[in-house]
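Below you'll find the structure, written out as structure tokens, and then a few comments.
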């Protein structure tokens, strides 16, 4: 497994692979890899001739009061995990390599970035679209893999790729969960044992909603109320949102008459967690 | 010369050329081609194995009160000109091909887009960076050619390419002028014979400044005053700017102690003209 820090080296390697006709899979990450990330790496290795991962904690997608500086860094473990999944190349740039002095061009994200996370983390998706576009240019892959746990992020990236005519296919991969349902997240490391229990209520609320829908309840309001109820019962006091929206536009809808998604963002102690389920 | 309207056909052709190792030159235009555009096409043909031009009057770079609907369209002449320069491929998309319903991702241009044109045409460069990035993705060329007549546009595109790590080289090409000095522009067609005379004062003012600098005048204020004076004398009443700035940052500077550029934007009747000279 080759590890590079420089943009030009990374580009040269991927361009050379593409030149020989090889397909290249890309797994962009912020490191602190868990089994969710590693299934992306595994799928990339399985589906593509060559597989590339990136590890970069992107300052542009953190708000001023968010956890950029304390975001977990576990480089040795990350590299071991990627090696195990037969990743061919890992790009680990220094911040100056991607944001040199004078950097000032950003991608203004598509309108699906406005609700949900967009309300609570107003500059987050601008940081995401900008870094993802940059990585797509530095590592011109055939296909890029993203987790569905960050459902709105995946939707934002799909829209950006369509709008800007980026010649990379985007694949969403199913959320990987703990046995009790908790969605894997690098931020789960922040949780105490007790908080870990409380956090489980996110997936419980989503599963309950999916079950209710399966039983024929199609009015959105009572379904959303039931999610709020389960979260509150578990002791969660700060719920950013727990709602059901159109799966493509992320606009709210009164009735489940088209593909939808239920999404939750809630705080457990100082840790902000998100999760979702397709309906 | 192949003419295509569809993004996918355009991409497939350029990608196929690149796959065989051919270099590809790109000349993005809004049509209404003049000898300036055609020198770009000529240079592309000379320097690259394959040469592509685009013709698209980009609505996103026109302001609400600007000349989008009356912008000159001269498709037959344009195609003949490109054929004469041995262009291999011309991409002429319909607006819906590039801006389908729901389009909402834009490129927020770099800070060099803020002064000068940015003050008088506040959404212009956002439209330019967005369409240029889209064309770069649809037509992944080796090198793209732009005229220096639009000096700030060229600077904005260079910064965008650097900031977003776009793997395309940007080449600026010298402004082509009429024998009396008037910079070629598709908008010169709007000018009456009398206005044509008045318009000539832009290049006259710039030449005068360059001469004064050659004679050792290095204080910016008197040089800018001299440009204003020449324009007013010629009967120009509406000067958006006539100023001298740092050639890289486009920031104002009191003294010519580094590479600079003098730029003018002024209205002759209903026609807005721009021109510049390197100092």
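So how much slack lies between residue A:94 and residue A:35, counting 0.36 nm per residue of separation and subtracting their Cα-Cα distance, in nm?
Stretched fully, the residue A:94-residue A:35 segment lengthens by 18.8 nm.
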Handout entry: Other-copy label distances relative to residue A:16, 7 angstrom Cα-Cβ extension, nm
Key = 2.8
Completion exercise
Output row for residue A:73: copy-to-copy label distances, label 7 Å along Cα→C-beta, ascending, in nanometres, one decimal, is 5.6
Handout entry: Shielding by partners - mean other protein chain Cβ count within 10 Å, residues of A:163-171
Key = 5
Exercise for the section: Taking each label point as 7 Å beyond Cα in the direction of the beta carbon, state the distances from residue B:253 to the same residue in the other copies, shortest first, in nm. Expected result: 5.8
Practice task
Could you work out which residue, out of B:269, B:31, B:127, moves most in a Gaussian network model of chain B, that is, has the largest mean-square fluctuation with Cα springs under 10 Å?
Solution key: B:269
Problem - Contour excess over end-to-end distance, with Cα ends at residue A:23 and residue A:219 and 0.36 nm allotted per residue - result: 66.1 nm
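May I ask for the Kirkwood hydrodynamic radius of region B:217-260, worked out over all distinct Cα pairs and given in angstroms to one decimal?
Computed over region B:217-260, the radius equals 11.2 Å.
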Practice task
Multiply the residue gap between residue B:200 and residue B:249 by 0.36 nm, knock off their C-alpha separation, and tell me the result in nm, one decimal place.
Solution key: 14.9 nm
Fill in the blank from the handout: Counting other chain Cβ atoms within 10 Å of each Cβ in B:99-105 and taking the mean gives 6
Completion exercise
To the nearest 10 degrees, the tilt of helix A:151-163 (Cα long axis) against the first principal axis of the alpha carbons of chain A is 50 degrees
Practice task
Tell me the label-point distance for the pair residue B:114, residue A:143, using the 7 Å Cα-to-Cβ offset, in nm and rounded to one decimal.
Solution key: 4.3 nm
Fill in the blank from the handout: For region A:124-279, shape from the Cα gyration tensor axes a ≥ b ≥ c, cut at a/c of 1.5 then a/b versus b/c, turns out oblate
Fill in the blank from the handout: Summing -39500 (n - 2.57) over every DSSP H run of at least 4 residues in chain B and dividing by its residue count gives a helix-only mean residue ellipticity at 222 nm, to the nearest 500 deg cm²/dmol, of -12000 deg cm²/dmol
Problem - chain B: angle of helix B:124-138 to the longest principal axis, Cα-based, in degrees nearest 10 - result: 30 degrees
Practice task
Mind giving me the FRET efficiency for residue A:267 and residue A:73? R0 is 25 Å, r the Cβ-Cβ distance, nearest 0.05 is fine.
Solution key: 0.65
Completion exercise
residue B:2 and residue A:171 label points (each 7 Å along its Cα→Cβ direction) are spaced in nm at 2.9 nm
Handout entry: Convex hull of region A:186-278 built on C-alpha atoms - directionally averaged projected area, nm²
Key = 5.8 nm²
Exercise for the section: With a 10 Å radius around each residue's Cβ, average the other Cβ atoms per peptide and rank B:129-142, B:149-162, B:95-108, highest first. Expected result: B:129-142, B:149-162, B:95-108
Problem - Tilt relative to chain A, helix A:35-47 - C-alpha long axis, 0 to 90 degrees, to 10 - result: 50 degrees
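Provide a whole-number value for the mean count of partner chain Cβ atoms within 10 Å of the Cβ atoms in peptide B:16-22.
Whole-number average of other-chain Cβ neighbours for B:16-22 is 1.
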Problem - Separation between Cα centres of region B:17-42 and region A:135-201, rounded to whole Å - result: 39 Å
Handout entry: Highest to lowest packing among A:235-242, B:54-61, B:202-209, scored as the average C-beta count within 10 Å
Key = B:202-209, B:54-61, A:235-242
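Every number here is computed from the coordinates shown, using simple stated rules; none is lab data. Keep in mind that this is a model prediction, so the values were computed, not measured. Here the Cβ is made from the backbone with ideal geometry for all residues, glycine too, and neighbour counts use every protein chain on show.
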